[in-house]
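What follows is a single structure, written as structure tokens, with notes after it.
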Amino acid sequence: MVSLILPSQLSTKNSLVLLRRLCGTFIWHKKKSLRFSSYAWMAMLGKLKTADHLNLRGIEALPTCSFCSEGRDCHSHIFFSCDFSYIVITSLFPPLGAFLLRPNLMQTFQWFDDSVDYCCWEKNFCYFTICCTIYYLWHERNSRRFENVWKSPSQLFYIIRNAIIAKVKHWNRFDELKDRFSFLN
């Protein structure tokens with residue numbers, strides 16, 4: 001079980017080491033795509049170049065969310081406070097829709113880690129799916145900002161679904177995953 005770490009607790013070097021160790025449980029796995037894990041790792045550490053980070057460095061960037069145009073373009077909003085990203089993640093995992101408040105990235109990982117409804121290999125699949133979702137949400141955010149190309153949540157859902165299937169179809173328990181997670185069918 002992993003305890004919740006708040007950003008205010010990350011000021012010391014020891015806290016960052018602890019966060020890296022905990023994130024490793026969720027993100028780095030031999031059956032996961034390095035591309036997805038890298039972006040998830042950067043998102044967990046708050047290192048993706050969102051508008052709030054760029055503005056702090058003196059680089060002008062549109063401060064509003066590229067998905068909803070209402071929230072700030074920051075890690076906590078993009079993953080998963082924004083309506084758009086929340087629709088995508090709950091399309092993949094409907095039980096996340098039962099939260100009273102929208103979960104942040106770490107809470108999403110922790111919910112699966114603490115869940116007794118999933119066995120170890122199902123949890124690893126869920127972690128992989130979250131990492132994949134982070135990558136494609138970030139890609140969609142950048143497509144909207146820099147290429148003016150937009151996808152709907154359902155279009156992004158199918159892109160993520162196809163990427164997940166392409167990776168996990170060779171896993172030993174793929175048939176069991178299809179029975180457990182309806183979006184794989």
Here the Kirkwood hydrodynamic radius of segment 96-149, Cα-based and in Å, equals 12.7
Does segment 25-113 come out rounded, prolate or oblate, given a ≥ b ≥ c as the square roots of the eigenvalues of its C-alpha gyration tensor, rounded meaning a/c under 1.5 and, failing that, prolate meaning a/b above b/c?
oblate
So if we plug the beta-carbon distance of N142 and D117 into 1/(1 + (r/R0)^6) with R0 = 45 Å, what FRET efficiency do we get, rounded to 0.05?
0.85
Along the charge dipole of the chain, pointing to its positive end and built from +1/-1 on Cβ of Lys, Arg, Asp and Glu, which listed residue (L156, F109, F174) has its Cα farthest out?
F174
If you line up the Cα atoms of the chain on their principal axes, what length do they span on each, largest first, in Å?
50, 41, 32
Rank D117, D175, D73 by mean-square fluctuation in a GNM of the chain with C-alpha springs under 10 angstrom and give only the top-ranked residue.
D117
From the cross-link list K49/K167; K123/K169; K47/K169; K47/K167, the entries with a Cα-Cα span beyond 24 Å are K49/K167; K47/K169; K47/K167
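Readers should treat all values here as calculations from the given coordinates under stated rules, not as data from a laboratory. Model, not experiment: these values are computed from the prediction. For neighbour counting, all protein chains shown are included, and Cβ atoms are generated from backbone atoms with ideal geometry for every residue, glycine included.
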